[in-house]
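One structure is given here, and the rest of the page talks about it.
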Amino acid sequence: PPDPYFGSDQPKHSKYLNNTFSRFIDNYASSAAGAIYVLNSDIISLSQCWITENHVKITYGGGIAVKSSKRLHIKGSYFIRNKCASGGGGAVNTFNIETLIIESSEFSRNIASEGGALYIERFNMCSSKVHFVNSTFSSNYAKQSAGALAMVQISLFSQENCLFRKNTASKIIG
């Protein structure tokens, strides 16, 4: 059975993590990521994955949380109806990663306190890059701020051909 603290998958301290054609559905954690939690990795890749209906009670990452890692690449994946009850990132939460690339992916109906779909934070002033391409962010909700996307201390953000539609926040910025 999964660890009640972390949810379904907890590959901490692995150099490379590659998930392809995987499904993470209806997982629960009391803290730190409903489905996947990764700490101190070089390269994390999710391709053609479904991360749906996962829930974390407190802290971060209803679907996945990635901390202190070099690169997270999400491609052709779906993050639907994930929930972070009292923290950041209904679908994805990242903290201290150097590069985040999201392409051809969908984030829909995710819920969090901040960053309904994604919460991205870089703690120190080192370079951090975030790039979205051909992705959709729709109907995500934040109880506090940033219905679709919350970013803190990011040095470079770019997006091309992305759709942000019907994302809402109760207090600050939809």
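Run the 1.4 Å probe and let me know the accessible area of Glu53, rounded to the nearest 10 Å².
Here the accessible area works out near 70 Å².
Taking Cα atoms of the stretch 26-73, Rg/Rh with Kirkwood Rh, to two decimals? Walk me through the numbers before you get to the answer.
Working: Rg = 10.7 Å, Rh = 10.9 Å.
Rg/Rh: 0.98.
Restricting everything to alpha-carbon atoms, can you work out Rg to Rh for the chain with a Kirkwood hydrodynamic radius? Don't jump to the answer; show the numbers that get you there.
Working: Rg = 14.0 Å, Rh = 15.1 Å.
That ratio is 0.93, to two decimals.
Using a Förster distance of 22 angstrom, determine the FRET efficiency expected from the C-beta separation of Ile101 and Arg165, and round it to 0.05.
Details: r = 21 Å, r/R0 = 0.97.
The formula returns an efficiency of 0.55 here.
Given the pairs Lys15/Lys143; Lys15/Lys83; Lys70/Lys143, which span a C-alpha to C-alpha distance of over 32 angstrom in this model?
Numbers: Lys15/Lys143 35 Å; Lys15/Lys83 28 Å; Lys70/Lys143 30 Å.
Table pairs above 32 Å Cα-Cα are Lys15/Lys143.
The values are calculated or read from the model by the stated rules, or taken from the named source; none is laboratory data. Treat the numbers as computed from the prediction; the structure is a model and nothing was measured. All Cβ positions, even for glycine, are placed from backbone atoms using ideal geometry, and neighbour counts span all protein chains on display. Just the protein is used for accessible areas: all its heavy atoms, side chains included, with ligands, DNA and RNA removed. Shrake-Rupley method; radii C 1.70, N 1.55, O 1.52, S 1.80 Å.
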